[in-house]
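All remarks here apply to the structure that follows.
The values are calculated or read from the model by the stated rules, or taken from the named source; none is laboratory data. Owing to the predicted nature of the structure, the values given are computational and were not obtained by experimental measurement. Quick reminder, even Gly has a Cβ in these numbers, built from the backbone with ideal geometry, and neighbours come from all protein chains shown.
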Amino acid sequence: MLPANIPPSPALRLRGVSKAFGSLTILDKLDLDVAPGERISIIGRSGSGKTTLLRVLMTLEKLDAGSIEVFGRYLGQRPEGGRLVPATPEETRAVRGDIGMVFQQFNLFPHRTAIENVIEAPIHVKKMGSKEARDMGMALLCTVGLADKADHYPRQLSGGQQQRVAIARALAMQPRIILFDEVTSALDPERVDEVLSVIQGLAQESTITMLIVTHEMRFARDVATRTIFMEEGLIVEDDAPAVIFGKPNKARTQSFLQSVLGRGL
Amino acid sequence: MTALLDLLPQLMKGLQTTLLVTAFAAPLALVMALASGLARLSPIKLLQWLAVIYVELFRGTSLLVQLFYFFYVMPLFGLSLDPVTTGVLVLALNTGAYGSEVVRAGIGSVPKSQREACIALNMSPAMALRRVIFPQAFVTMLPPFGNLLIELLKATSLLSLITIFDLAFAGNTLFQTTGRTLEIYGLVLMIYFATAMVLTLGMRWLEKRMGAGRDLEFRP
Ligand SMILES: Nc1ncnc2c1ncn2[C@@H]1O[C@H](COP(=O)(O)OP(=O)(O)O)[C@@H](O)[C@H]1O
Ligand SMILES: [Mg+2]
């Protein structure tokens, strides 16, 4: 038993996270703490660095400076002699396993069926038995409403269906943190709700930590326990969704919401 | 007509050698292409360099000179192989060098987002290559590999110049003994063409089979 006075390590702790492409600063010394089970919606104009933030968390981009801790373990770095040095690929993978990601463009494996997409990593990365993986995979496809499409290839599925397979695929690795990067932006308007409701369901039924970048403002308000507004690589405002969408404190947040919402949600 | 049939046994004997050499050289070339193509993408600098040297050496010199070099010069360094082995080896190395580029381009044709999906599923780079990148790349490699196979088949005709009795050699011999230019070279041409056709059809079939999930109709 842990003594009660030690606080549990945060799901994420970012300190001074910086990233530039050439002379363009994308993330500007970002600090962020995320408690386990929090669901954070991240909003902001296109180009404000939202995708880049998720990408550094997924180790798809290297940090220029700063550190990321995932449940108390450094991601991509290792403390050595009072400094942080680059971690080995194995060390990085050990920590990265806590994080999963769903992409705007789905990025399913086109040469594998829906169920194969879902069970590929559990079998080959986690060394799960194929029967066990298949059962779990079918259960996940069931959750996202696609049990009948298990043997379809991605090309045979609509965008909304592909994205739901991608969500099942990410969940199959049982991450403790899941990142959603504008997962409905590439969809036909009539396909958006089926994906959002899957994420809503997940929010209701699990305690998984979520970071959700989205342009669907109503969804950003309803799904989240906390909302972050980003601009030019900075977190401008970080508060409860009710505050951000009701009475934001910063003029910049207000002006952004006015420009995207017009008359309201 | 009977005159034509008289020519066939000799030509068939030559064709046999042509097919044999192709059959041995092609898989060896594939291995060389894969090994050197992947080596060029490896993070290990030494492997990259070895692959570059191999590819540029064999692409930058003519096949005929390579054959002569291996057949006439190598024995001076103590490496003497029989003509057919030399032929198979040189053709495989030469074709493999071109195939190396095919492998590199094929791997490069798989979108970066596929690799990123693998990272998000916590795969190692090697596993991503083996399970996700290569299977997709291989499908795109098949048509250029088919072209190289036909090139290889045709290139075997140069083996007659290092004393191998292949189809071209058989044709030449018959021509010298009978002087019947039209029938002999007409037949040789047709046999090469028919063989190439069979190989092309075989590759098409393979492309179809390997293309699972790719060319399927979009039906939501
Ligand atoms: N690989 C890259 N190379 C150069 N610039 C990039 C790269 N990725 C993103 N950017 C730039 O970084 C800025 C922020 O991008 P992004 O994080 O995608 O913003 P958002 O997701 O908020 O729209 C954009 O101006 C974009 O053009
Ligand atoms: Mg973005």
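Scanning for something outside any helix (DSSP H, G or I) and either more than 12 Å from chain B (Cβ to nearest Cβ) or farther than 23 Å from B:Pro135 by Cα (or both), does the range A:112-122 turn up at least one residue?
Residues of the range A:112-122 that are outside any helix (DSSP H, G or I), as a first pass: A:112-113.
Keeping just the survivors that are either more than 12 Å from chain B (Cβ to nearest Cβ) or farther than 23 Å from B:Pro135 by Cα (or both) gives none.
No - not one qualifying residue is present in the range A:112-122.
Check the range A:81-89 and report whether any residue there is within 16 Å of ligand 1 (Cβ to nearest atom) and either within 14 Å of another protein chain (Cβ to nearest Cβ) or within 29 Å of A:Arg164 (Cα to Cα) (or both). Before the answer, list the steps.
Going residue by residue through the range A:81-89, those that are within 16 Å of ligand 1 (Cβ to nearest atom) are none.
No, that holds for no residue.
Just for the range A:184-199: of the residues that are within 14 Å of chain B (Cβ to nearest Cβ) and surrounded by fewer than 17 Cβ atoms within 10 Å (Cβ to Cβ), which one is nearest to ligand 1 (Cβ to nearest atom)?
Among those that are within 14 Å of chain B (Cβ to nearest Cβ) and surrounded by fewer than 17 Cβ atoms within 10 Å (Cβ to Cβ), it is A:Ala186.
Does the range A:47-54 contain any residue that is basic (Lys, Arg) and in a strand (DSSP E or B)? Step through it out loud before you land on a result.
Here is the first cut: in the range A:47-54, the ones basic (Lys, Arg) are A:50.
From the residues that got through so far, the ones that are in a strand (DSSP E or B) too are none.
Looking for residues that are basic (Lys, Arg) and in a strand (DSSP E or B), one finds none in the range A:47-54, hence no.
Just one of the numbered conditions (1) among the hydroxyl-bearing types (Ser, Thr, Tyr); (2) under 25 Å from the mean Cα position of the chain (by Cα); (3) at the interface with chain A (Cβ under 10 Å from one of its Cβ atoms) is not true of B:Ser124; which one?
With (1) among the hydroxyl-bearing types (Ser, Thr, Tyr); (2) under 25 Å from the mean Cα position of the chain (by Cα); (3) at the interface with chain A (Cβ under 10 Å from one of its Cβ atoms) applied to B:Ser124, the lone miss is (2).
Go through the range A:20-55 residue by residue and tally those that are among the hydrophobic types (A, V, I, L, M, F, W, C), surrounded by 18 or more Cβ atoms within 10 Å (Cβ to Cβ) and within 14 Å of ligand 2 (Cβ to nearest atom).
So the first thing to find is which residues in the range A:20-55 are among the hydrophobic types (A, V, I, L, M, F, W, C), and the list is A:20-21, A:24, A:26-27, A:30, A:32, A:34-35, A:40, A:42-43, A:53-54.
The next check asks that each one be surrounded by 18 or more Cβ atoms within 10 Å (Cβ to Cβ); those that pass are A:26-27, A:30, A:32, A:34, A:40, A:42-43, A:53-54.
Filter once more, so that each one left must be within 14 Å of ligand 2 (Cβ to nearest atom): A:26-27, A:42-43, A:53-54.
Within the range A:20-55, residues that are among the hydrophobic types (A, V, I, L, M, F, W, C), surrounded by 18 or more Cβ atoms within 10 Å (Cβ to Cβ) and within 14 Å of ligand 2 (Cβ to nearest atom) number 6.
Going by the conditions given, is B:Val90 modelled with pLDDT of 90 or more, surrounded by 13 or more Cβ atoms within 10 Å (Cβ to Cβ) and touching a Lys or Arg at 6+ places or on another chain (Cβ under 9 Å)? So that I can check it myself, show each step before the final result.
Values: modelled with pLDDT of 90 or more: yes; surrounded by 13 or more Cβ atoms within 10 Å (Cβ to Cβ): yes; touching a Lys or Arg at 6+ places or on another chain (Cβ under 9 Å): no.
Spelling it out, it is not the case that B:Val90 is modelled with pLDDT of 90 or more, surrounded by 13 or more Cβ atoms within 10 Å (Cβ to Cβ) and touching a Lys or Arg at 6+ places or on another chain (Cβ under 9 Å).
Out of the residues in the range A:90-102 that are touching a strand residue (DSSP E or B) at 6+ places or on another chain (Cβ under 6 Å) and either within 9 Å of another protein chain (Cβ to nearest Cβ) or assigned to a loop (DSSP other than H, G, I, E, B) (or both), which is farthest from ligand 1 (Cβ to nearest atom)?
So the residue we want is A:Asp98.
Scan the range B:187-210 for residues that are surrounded by 14 or more Cβ atoms within 10 Å (Cβ to Cβ) and more than 20 Å from the chain's Cα centre (by Cα) and report the count. Let's see the steps before the verdict.
Initially, the range B:187-210 is screened for residues surrounded by 14 or more Cβ atoms within 10 Å (Cβ to Cβ), giving B:187-188, B:191-192, B:195-196, B:199-200, B:203, B:206-207, B:210.
This time we only want the ones that are more than 20 Å from the chain's Cα centre (by Cα), so: B:187-188.
Of the residues in that region, 2 qualify.
Tell me, please, whether a residue that is in contact with a Leu (Cβ under 8 Å, 6 or more places away or on another chain), within 13 Å of chain B (Cβ to nearest Cβ) and in contact (Cβ under 8 Å) with a residue 40 or more places away in the chain can be found in the range A:221-242.
no
Quick one: how many residues across the range A:212-234 are farther than 17 Å from A:Ser46 by Cα and either within 16 Å of ligand 1 (Cβ to nearest atom) or touching a Phe, Trp or Tyr at 6+ places or on another chain (Cβ under 6 Å) (or both)?
Taking the range A:212-234 as the starting set, the residues that turn out to be farther than 17 Å from A:Ser46 by Cα are A:218-219, A:221-226.
Pick out the ones that are also either within 16 Å of ligand 1 (Cβ to nearest atom) or touching a Phe, Trp or Tyr at 6+ places or on another chain (Cβ under 6 Å) (or both) and you get A:221.
Total meeting the criteria: 1.
Which condition number does A:Lys62 fail, the rest of (1) assigned to a loop (DSSP other than H, G, I, E, B); (2) under 26 Å from A:Phe219 (Cβ atoms) being met?
Looking at each condition in turn, A:Lys62 falls short on (2).
Quick grid of which residues meet (1) touching a strand residue (DSSP E or B) at 6+ places or on another chain (Cβ under 8 Å); (2) crowded, with 19+ Cβ neighbours inside 10 Å; (3) farther than 22 Å from B:Val188 by Cβ:
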{"residue": "B:Ile107", "(1), (2), (3)": "no, yes, yes"}
{"residue": "B:Ala117", "(1), (2), (3)": "no, yes, yes"}
{"residue": "B:Arg130", "(1), (2), (3)": "no, no, yes"}
{"residue": "B:Ala137", "(1), (2), (3)": "no, yes, yes"}
{"residue": "B:Met141", "(1), (2), (3)": "no, yes, yes"}
{"residue": "B:Asn147", "(1), (2), (3)": "no, no, no"}
{"residue": "B:Leu158", "(1), (2), (3)": "no, yes, no"}
{"residue": "B:Leu167", "(1), (2), (3)": "no, yes, no"}
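Can you give me the number of residues within the range A:103-135 that are within 16 Å of ligand 2 (Cβ to nearest atom) and of a type in the set (A, V, I, L, M, F, W, C)? Don't jump to the end; show me each part of the working.
Filtering the range A:103-135 for residues within 16 Å of ligand 2 (Cβ to nearest atom) gives A:103-107.
Among the residues that remain, those that are also of a type in the set (A, V, I, L, M, F, W, C) are: A:103, A:106.
Residues that pass the stated criteria total 2.
Being within 9 Å of chain B (Cβ to nearest Cβ) and either crowded, with 20+ Cβ neighbours inside 10 Å or not in a helix (DSSP H, G or I) (or both), is that true of even one residue in the range A:129-136?
So far as the range A:129-136 goes, no, none of its residues is within 9 Å of chain B (Cβ to nearest Cβ) and either crowded, with 20+ Cβ neighbours inside 10 Å or not in a helix (DSSP H, G or I) (or both).
If only one of A:Leu140, A:Leu202, A:Leu146 is in contact (Cβ under 8 Å) with a residue 24 or more places away in the chain, over 30 Å from A:Val34 (Cα atoms), more than 11 Å from every other protein chain (Cβ to nearest Cβ) and away from ligand 2 (no atom under 16 Å from the Cβ), which one is it? Lay out the reasoning, then the answer.
Values: A:Leu140 fails: over 30 Å from A:Val34 (Cα atoms); A:Leu202 fails: over 30 Å from A:Val34 (Cα atoms).
Every option except A:Leu146 fails the conditions.
With the requirement that a residue be modelled with pLDDT of 95 or more, within 15 Å of ligand 1 (Cβ to nearest atom) and assigned to a loop (DSSP other than H, G, I, E, B), what does the range A:12-45 give you?
A:Gly44, A:Arg45, listed by residue number.
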